[in-house]
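Quick one: the structure is below, and I'll ask about it shortly.
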Amino acid sequence: MTAGKRVCHLFGGRARFGTRIDIDPIVRPDVIADAWLPPFRQDAFDVVILDPPYVSINQQMKQQLLRGAAFIAKERVIWFHTMWIANGGSDRLRLDRSWLVRVGDSCAVRCLQVFRVQPGGKRMSRPFFTRGPAIRYNRWLGGQLGLPIEKKSIA
């Protein structure tokens, strides 16, 4: 599914292929950046893989991650998490195929879902966060300051 494609792993500092972005420099990612606001131009990658390291994730967090991934993905977004997504979180993503994966005994199952990116109308949203780890971006989103990644774009 990813062979010969430009692949980006959001939260992917330890991934074995593609462009790996992570906020933690210790894992030596290709790009040190935050997956909540990926610093890439629209359609920069063919496939974007989301494997968030959070046990639980609320609706606002899920939608922001999916919007950012859909913005930088040209073809597909792959979601690998304990939470099943009923739809793509927006009209930008349509479920293509999916699997429920058991990774061992006495453990949470993982959901592997492949979403096809729909053409047209793609934009990176600028939400105001009310909870979750992305709340730290409100100081840029609500004021006159631009986001620290707006002026420069990678890829």
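Restrict the search to segment 1-66; then list the chymotrypsin sites (Phe, Trp or Tyr not before Pro) that DSSP places in a loop and that have at most 12 other Cβ atoms within 10 Å of their Cβ.
Phe17
Search the structure for amide H atoms under 5 Å from the amide H of Thr82, placed 1.01 Å from N in the peptide plane, and list their residues when 5 or more places away or on another chain.
Distant-sequence amide H within range of Thr82: Cys111.
Sticking with this structure for a sec: Residues with amide H under 5 Å of Ile49's amide H, sequence separation 5 or more or different chain, H placed in the peptide plane at 1.01 Å from N; which?
Residues meeting the criterion, in which the H sits 1.01 Å from N, are Cys8, His9, Leu10, Ile78.
Okay, moving on. Convert each backbone phi in segment 13-30 into a coupling constant with the Karplus relation 6.51 cos²θ - 1.76 cosθ + 1.60 (shift: θ = phi - 60°), then list the ³J(HN,Hα) values in order as whole Hz, x for Gly and Pro.
Result, rounded to whole Hz: x, 9, 5, 9, 8, x, 7, 9, 10, 7, 7, 8, x, 5, 7, 6, x, 5.
Enumerate the amide H contacts of Asp96 below 5 Å, restricted to partners 5 or more residues apart or on another chain; note that Pro and chain-start residues carry no placed amide H.
Close amide H contacts, sequence-distant or interchain: Val114, Phe115, Arg116.
Take segment 1-55, drop everything but the C-alpha atoms, weight them equally and run the Debye formula without solvent; then report log10 I(q)/I(0) at 0.26, 0.30, 0.31 Å⁻¹ to two decimals.
Once normalised to I(0) and log-transformed, intensities are -1.06, -1.31, -1.36.
Counting other Cβ atoms within 10 Å of each Cβ, which trypsin sites (Lys or Arg not before Pro) in segment 59-122 have at most 13 and sit in a DSSP loop?
Arg102
All of the numbers you see were taken from the coordinates with simple rules; none came from a lab. A quick note: this is a predicted structure, and the numbers were derived from the prediction, not measured. Neighbour counts run over all protein chains shown; Cβ positions are idealised from the backbone, glycine included.
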